1. So which residues in region B:14-38 are under 13 Å from A:Leu187 (Cβ atoms) and more than 9 Å from the ligand (Cβ to nearest atom)?
2. Restricting the search to region A:150-179, which residues are β-branched (Val, Ile, Thr) and either open to solvent by less than 20 Å² (accessible area, probe 1.4 Å) or within 13 Å of chain B (Cβ to nearest Cβ) (or both)?
3. Within the set of pairs 6+ apart or on separate chains, which have a first residue in region A:110-133 that is open to solvent by 100 Å² or more (accessible area, probe 1.4 Å), a second that is modelled with pLDDT of 70 or more and of a type outside the set (Ser, Thr, Tyr), and C-beta atoms under 8 Å apart?
4. Quick one: how many residues across region B:39-61 are free of Cβ contacts under 8 Å to residues at least 12 places away in the same chain, open to solvent by 10 Å² or more (accessible area, probe 1.4 Å) and within 16 Å of the ligand (Cβ to nearest atom)?
5. How many residues are surrounded by fewer than 20 Cβ atoms within 10 Å (Cβ to Cβ), assigned to a helix (DSSP H, G or I) and either in contact (Cβ under 8 Å) with a residue 12 or more places away in the chain or hydroxyl-bearing (Ser, Thr, Tyr) (or both) when one looks only at region A:56-76?
6. Could you list, in sequence order, all residues of region A:150-179 that are at negative phi, under 12 Å from the mean Cα position of the chain (by Cα) and not aliphatic (A, V, I, L, M)?
7. Is region A:70-86 home to any residue that is out of contact with any helix residue (DSSP H, G or I) (no Cβ under 8 Å at 6 or more places or on another chain), acidic (Asp, Glu) and under 20 Å from B:Arg70 (Cβ atoms)?
8. Restricting attention to region A:137-149, and to residues there that are within 12 Å of chain B (Cβ to nearest Cβ) and not basic (Lys, Arg), which single residue is farthest from the chain's Cα centre (by Cα)?
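The values are calculated or read from the model by the stated rules, or taken from the named source; none is laboratory data. Just so it is clear, the model here is predicted, and its values are computed rather than measured. Glycine also receives a Cβ, built like all others from the backbone with ideal geometry; neighbour counts cover every protein chain displayed. Only protein heavy atoms, including side chains, enter the accessible area calculation; ligands, DNA and RNA are left aside. Shrake-Rupley method; radii C 1.70, N 1.55, O 1.52, S 1.80 Å.
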Amino acid sequence: MNQHGAVADKLTDEELVQRVQRGDKDAFGVLVKRHERSVYWMIEAILHNQADSEEILQESFLKALQHIGDFRGESRFATWLIRIAINEARMRQRKYRPGQYESLDEEKSEDSDFHPRELSDWRPSPEQEVAQEEVARLLRRAIQSLPEIYRQVFVLRDVQHLSTEETAAALGITIPATKTRLLRARLMAREFLAPHFKSSAQPGRAVL
Amino acid sequence: MIRCEDILREVSELLDDEITAEMRIQIETHLCACRHCKVLVDTTRKTLTLVSSYTVLELPEGVSARLLDRLAKHMESGPSQ
Ligand SMILES: [Zn+2]
């Protein structure tokens with residue numbers, strides 16, 4: 001797949017899909033480049049393992065390619081693709097850990113109160129005072145520290161910027177459940193980051 | 001009157017701008033008087049700003065290349081699967 005250039009990069013996902021459906025294989029490459037990160041991290045949130053996640057990433061895109069003729073634009077391509085990936089990842093998960101998958105979907109204790117512990121203010125712009133790689137590493141760790149059901153919602157909404165409706169559809173959960181999980185995920189991510197960005201911390205370095 | 005628990009419940013929708021104008025006014029009024037909630041809202045907003053301003057989630061080394069490779073092989077061999 002060679003670089004398709006600036007023209008293809010400006011097309012919407014749906015226009016690219018139409019090109020793929022007419023046999024333009026390079027257009028699929030553009031879609032891959034655009035979505036590989038979100039798909040990979042979605043899978044990784046379920047499988048917690050790089051080797052398996054990479055394999056399922058490949059399987060998911062192969063499956064998307066094979067079934068792209070069935071895509072009718074009833075949802076956004078991103079949502080359709082994420083659903084394929086979630087499905088593939090869950091099948092893999094069930095194969096390795098039968099019985100465990102169901103318990104992850106229970107909406108247990110989601111309504112119980114969450115009390116934020118860390119409540120000192122942050123430095124005005126941590127991103128300007130803490131080295132970029134350190135911020136990126138902290139953010140990654142924050143995301144990985146979230147329990148799976150919260151991490152999925154957080155990755156789709158706040159990292160990939162799907163809408164609440166799209167996130168709910170991709171995960172097969174209700175909109176209220178999506179919102180509840182998102183709130184919890186955001187508060188937990190904030191709590192994870194707080195000690196590192198506190199205004200009392202030494203300027204110039206994150207506390208690691 | 002809005003209470004701290006209400007702010008905790010609404011913070012997400014406040015940041016997504018999915019609340020009514022009256023609710024927003026009530027929240028802003030509470031935030032002026034309650035430093036605790038002000039810090040909660042500000043730091044949560046900062047969390048989201050940080051998350052979206054970073055390409056946080058780059059792929060591990062080689063994953064992207066191996067993916068393209070496998071897809072290219074599949075395309076060459078035709079839709080036999
Ligand atoms: Zn308050």
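1. B:Leu14, B:Leu15
2. Within region A:150-179, the subset β-branched (Val, Ile, Thr) is A:153, A:155, A:159, A:164, A:167, A:173-175, A:178.
Answer for region A:150-179, where residues must be β-branched (Val, Ile, Thr) and either open to solvent by less than 20 Å² (accessible area, probe 1.4 Å) or within 13 Å of chain B (Cβ to nearest Cβ) (or both): A:Val153, A:Val155, A:Val159, A:Thr164, A:Thr167, A:Ile175, A:Thr178.
3. Matching pairs, first to second residue: A:Asp113/B:Glu5; A:Arg117/A:Glu191.
4. Matching residues across region B:39-61 total 1.
5. 5
6. First, the residues of region A:150-179 that are at negative phi: A:150-160, A:162-171, A:173-179.
Filter once more, keeping what is under 12 Å from the mean Cα position of the chain (by Cα): A:150-160, A:162, A:167, A:170-171.
Correct list: A:Tyr150, A:Arg151, A:Gln152, A:Phe154, A:Arg157, A:Asp158, A:Gln160, A:Thr167.
7. No, region A:70-86 has no match at all.
8. Top of the filtered list is A:Leu138.
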